[in-house]
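The values are calculated or read from the model by the stated rules, or taken from the named source; none is laboratory data. Given the structure is predicted, the values throughout are model-derived calculations rather than measurements. Here Cβ is always computed from backbone atoms with ideal geometry, including for glycine, and neighbour counts include all displayed protein chains.
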Amino acid sequence: MKLLIFGLLFCQGILAQSSSNMTRILEWAEYYFLNQDYKRALSHYSKVEDSIPLRSRRNFSRVYAKMGQLGEAAQTLRPLVNSDSAEVKDYYYFASYLTDNDKLRDEYRRKAIRLPIETYTQSQNDSLASFYKLIPLALNTEGSEFGAHLINNKNQLVYSQKQSKEYTKGLSKKILSESPIYNLYQAEWDAKKLQAQSSEAFPMGLNSIFQDGPSSWDPIEQLLYLTRSAQSVINQKTIQLDIYSWTFGGSQKQIARPLSFNSRGYATIHPAVSAQNRSLYFASDRPGGFGGMDLYYVDILGNGNYSTPVNLGPDINTAADEIFPFVHQENYLFYSRKNDNGNLSPKLAINTVDVRWHVMNLPMPFESDQDDFSFSLDPQLEYGFFSSNRNTGKGEDDIYVFKFTPKIMGMEDHYYYNPIDTLIVSQEGILKNDKALMMSYDPLTALFPIEAELVNNVHHGVLKLNSNGSFLYKNTSPLQVKDSFSYLVSSKYGKSPAIKVMLQRAEVTLEKLPQAIQKTFLPIFYEFNKSNLLIDYKDRVDAVVTAMKAHPEMIVEVGSYTDCRGSEDYNLKLSQQRNQTIIDYVSERIGNKERIFGKGYGEITEVGNSNLDYLIISGSFGEIKNAVHQQKDFEAIGYPAEVKKTKENLYQVIVDQAKTHAEAQEILNSLNENGYQAWINQCNCCKLTEEEHLQNRRTDFKIIRL
């Protein structure tokens, strides 16, 4: 029967060791991947390539892709995309690796567009009012101003304003317009004062007698893209709105040119340039959308050429109107959606992959119970603009500017380690919760990077903290069950207060051990003054050896204690001797000596315990300073007085101690003769039963890792 049990333990141990080794290799691979050491990441992933779990294939394939090996990337990711565990991004990653198979690439992209995007788990708070101050521009009038953005190295503000009579005198009364007609205006922008001056309309050539604006600036090609009335009249003599381009800096009388992807009979409006990835976003009600106005993009190919329009998909587009896009640094899209009340509500969408987005509301002060739309940001994120017809404005639609003033904050993190291996923290790094916390208060904090900056180092180990929040920690004092370090979140907008990271040694409770070895790690209780451990308790210690051999990854802490009888020095040495005997015996038989460690702690401390049986006590005080004052009085007349705290949190002054009651009575009489009040107490240790003493003479086992 013993052989059968050992065989089962041995097989379980091999499987556990194999699984643990793979986990360890993958932890290092993920760490190197996150820190862009792709060569080392590939080396670690390759060690377990034949048996790598599905969840790890995503980043493994991305390592191949980063190194330009797209064929290997596709082969690695294929088992995941063909499983039920695939996420939206897996289909897009896989499609991007299929450079020589357009049909299969499009098939996986179609699969991805039908899947729901993963959502953020952090809930949003309701208001940013305490973080941002909205300032109306002085150029606002009783009419409408909107679509503000900067061109020409940030010195020139361009926006749309209601068409003046100078232009409307040429407008044919036979042309119908369902909304007010606007022209483009320009003004000198003062970034320090956050105000504009010398406002004037662009001359004819850019402006026309029909609709002009809003617009968007392409700094690469020095082009101004604008919404403009089409050159032809469509159904019921209503003007169609299209997107045009106009070369900035050329002749003011040059003609704006319509773009090739405009669709006759349907609106193509509100251009937004993404200079980084050379794309142009816009809104349109063309067929094939989700209803109303949808957001699309085209690639800017150069020389006036553009790709086929791509709908931004179900994460952004709905049956309602989505309009007024603005793109910041390629991956962040601002826009407004018409809500059930008919008002425009501002949104921020964060690109996940391809045309998949996480969408968040922009709360107060950017959202009101009126129309809030037409966001744009300074490229350096110093300030931004948006328009609103809220009641605090001067006219119909007003332009507001706000300084970028996010609040930098963070939250405490907790991690568990074992004292032998390095704790590897990568994907779940310390900045992950900080970023989520800041975004819950302020979605705009998604737009800029943050870094971790060490403030206070660990106390019982070695720490390597990376600026991206990943870190390595190696404990060097295995008996210390807790450690910590602190850091701050750093950004261009300032730093957070210091944030603590708690590191705690992991332990496995007795209930979580395999049932076959639970009794192995129950405490060992000793008879009084027994010291020949390997004779009296050899079977118990051999069982520990057997269990640790069967579980090669197991780490055990051993702690030994004595009862409170005898001197403290003797008890400490006895517990250390017992403890070290177990550690030496086991470590010689399990191979890796680091897997078992510990110390002897001496006697189980009893409040008021003494080497002698009787205590002479004079006074119990609620405040320690009063007890210390009386202690010094007794010391001054030759008594070895000390202060000890009781279970009731009082401070007792122990004047002296005695072996017998008669000796204690003599000391008490002497104190009384000199005017001191005192009494005799039997020491707490002497009050314990033999059974209680037995419970204190023991060795405990703590399983740190199984």
Count - residues of segment 203-232 that are at positive phi and at pLDDT 75 or above
2
Here are the criteria: (1) over 32 Å from the mean Cα position of the chain (by Cα); (2) in contact (Cβ under 8 Å) with a residue 40 or more places away in the chain; (3) over 22 Å from Phe282 (Cα atoms). Tell me which single one Asp397 does not satisfy.
(3)
Determine if segment 598-614 includes at least one residue that is part of a helix (DSSP H, G or I), at pLDDT 90 or above and of a type outside the set (A, V, I, L, M).
no
When you look at Asp700, is it under 30 Å from Pro514 (Cβ atoms) and at pLDDT 85 or above, yes or no?
yes
Go over the candidates Thr352, Thr392 one by one and state the one that is touching a residue at least 60 places away in the same chain (Cβ under 8 Å) and more than 32 Å from the chain's Cα centre (by Cα).
Thr392
Which of the strands (runs of 3 or more DSSP E) contained wholly in segment 366-463 include at least 1 residues that are of a type in the set (Ser, Thr, Tyr) and touching a Lys or Arg at 6+ places or on another chain (Cβ under 8 Å)?
383-388, 413-417
Of (1) over 30 Å from Lys482 (Cβ atoms); (2) in contact with a strand residue (DSSP E or B) (Cβ under 9 Å, 6 or more places away or on another chain), Leu423 satisfies all except one. Which?
(1)
Among strands (runs of 3 or more DSSP E) lying entirely in segment 618-706, which contain 2 or more residues that are surrounded by fewer than 16 Cβ atoms within 10 Å (Cβ to Cβ) and more than 49 Å from the chain's Cα centre (by Cα)?
679-682
Being within 27 Å of Leu423 (Cα to Cα) and at pLDDT 95 or above narrows Leu42, Leu54, Leu15 down to just Leu42
Out of all the residues in segment 564-580, is one or more within 30 Å of Asp421 (Cβ to Cβ), assigned to a helix (DSSP H, G or I) and of a type in the set (Lys, Arg)?
yes
